[in-house]
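Read through the structure below, which is laid out as structure tokens, and then see the notes.
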Amino acid sequence: MLKTRFTELAGIEYPIMQGGMQHLGVPQLAAAVSNAGGLGTINITIYPEMADFRNAVREMKRLTDKPFAVNISLAPGLNMGEKIHQYIDVCGEEEVSVIETAGRNPAEFVPHIKEAGIKLIHKCPGVKYAKKAESFGADAVTIVGYEVAGHPGMDELGSFILINRVAASVSIPVLAAGGIADGKGLAAALALGAEGVVMGTRFVATEECTIHPNFKEMIVNSREVDTMTCQRSIKNMARYAKNNQSAKALELELSGAGLEELMPVISGKLSQTCYQTGDTQGCVFAMGPAAGLITEVKPVKKVIEDMVAEAGKTYKRLGDILA
């Protein structure tokens, strides 16, 4: 067991959380993470119908008796207003223990989340946002470094600096995301003041992830230089694997294309289809440079066990150095 304020807050064994992972944050993967001692996460964007979302929560409860989280994206393009309250109602009724919000300030929903007896983790890209999250009542924050797959902060600050700064700037637990895929990364994050880590790319390359095996092999065969960023011009910067589609998105952006012209290329529906068919070149694919640390597809339980063991060896090595 690795005991931190985050493990105590979430009621879990290891300070390892699965990211929201659009299209992939489903019970099969999330329950495997929770059963292995981490905190699994399901994503509301996969379940636009409330009945389907409730069924997914109940499927989680069937697959695991351990705590799990629900990711609620508040990104402008996904702003569902009053519907968010319906998701929170279901979470409260089904006794979900943690909600993770991301995309914008969730302050308007915080009273509802608290009334439902649910812990709130807010994902943010910088010190000022973490302080704001603490002020409106978040129980913990996830800080996303420039290395993160999906949407890093526009300031382009690396995880090492952000973890250190945010941990020194707030009193609530800090989770580190971006560039972490093994026990050394876990040990480093804890050493910098984090209370846990959040991983996406590492959990995509697992046996339980529902994505087509072609994408898992893409991660295993990638180097740390095989990702790129785009969408700065539309204020929604994203990190993707280098492939035909991300190259097309960047080319369009550099030619002055706006959101309307970019959407057919970066569409989530397109990614969802490719994730099923195995077309690794036909969609943008959120992948971080942590792919360079991933050499095989493993069961989730093995990923977490190996991380914890390696973190222990890392601390022992440091202890020997300091002795």
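Remark: the stretch 227-286 carries a charge dipole of roughly 220 debye about the Cα centre, counting +1 on each Lys and Arg Cβ and -1 on each Asp and Glu Cβ. Computed from backbone phi with θ = phi - 60° and the Karplus coefficients 6.51, -1.76 and 1.60, the 3J(HN,Hα) list for the stretch 303-318 is 4, 5, 4, 5, 4, 5, 5, 5, 4, x, 5, 5, 5, 5, 4, 5 Hz; x is used for glycine and proline. In a simple Cβ point-charge model (Lys, Arg +1; Asp, Glu -1; nothing else charged), the chain has a dipole of about 560 debye relative to its Cα centre.
Dividing the summed -39500 (n - 2.57) terms of all DSSP H runs of n ≥ 4 by the residue count of the chain sets its mean residue ellipticity at 222 nm at -12500 deg cm²/dmol.
A simple rule links phi to the HN-Hα coupling: the Karplus curve 6.51 cos²θ - 1.76 cosθ + 1.60 with θ = phi - 60°, which for the stretch 81-92 gives x, 4, 4, 4, 5, 5, 4, 5, 4, 4, 4, x Hz, with x for Gly and Pro.
Sorting the segments 62-71, 10-19 by their mean number of nearby beta carbons within 10 angstrom, highest to lowest, gives 10-19, 62-71.
Remark: the stretch 246-254, residue by residue, has Karplus-estimated 3J(HN,Hα) of 5, 5, 5, 4, 5, 4, 4, 4, 5 Hz, where x stands for each Gly or Pro and the curve is 6.51 cos²θ - 1.76 cosθ + 1.60 at θ = phi - 60°. Residues whose amide H falls under 5 Å from that of LEU175, counting only those 5 or more places apart or on a different chain, are VAL141, THR142, ILE143, GLU195, with hydrogens built in the peptide plane. Going from the residue with the fewest nearby Cβ atoms within 10 Å to the one with the most, TYR129, TYR315, TYR87 rank TYR315, TYR129, TYR87.
Among the cysteines of the chain, those with no neighbouring cysteine Cβ under 4.7 Å are CYS91, CYS124, CYS209, CYS230.
Taking a sphere under 10 Å around the Cβ of LEU262 and counting the other residues whose Cβ falls inside, with K and R at +1 and D and E at -1, yields a net charge of -2.
Given +1 at the Cβ of Lys and Arg, -1 at the Cβ of Asp and Glu and no other charges, the dipole of the stretch 115-183 around its Cα centre is 200 debye to the nearest 20. Applying both filters, DSSP loop and at most 11 other Cβ atoms within 10 Å, to the trypsin sites (Lys or Arg not before Pro) of the stretch 97-147 eliminates every site. Backbone amide hydrogens, once placed in the peptide plane, bring GLY288 within less than 5 Å of ALA149, THR201, excluding anything fewer than 5 places away on its chain.
Could you check what % of the DSSP bridge pairs in the chain are antiparallel, to the nearest 5? That works out to approximately 15 percent antiparallel. Summarising the amide proton neighbourhood of ASN71: residues at separation of 5 or more, or on other chains, whose placed amide H is nearer than 5 Å comprise ILE42, ASN43, ILE44, GLU100. Taking the centroid of alpha carbons for each part, the stretch 225-293 and the stretch 144-169 are 21 Å apart.
Coordinate-derived values only; no laboratory data. Everything numeric in this text was worked out from a predicted model, so none of it was measured. For neighbour counting, all protein chains shown are included, and Cβ atoms are generated from backbone atoms with ideal geometry for every residue, glycine included.
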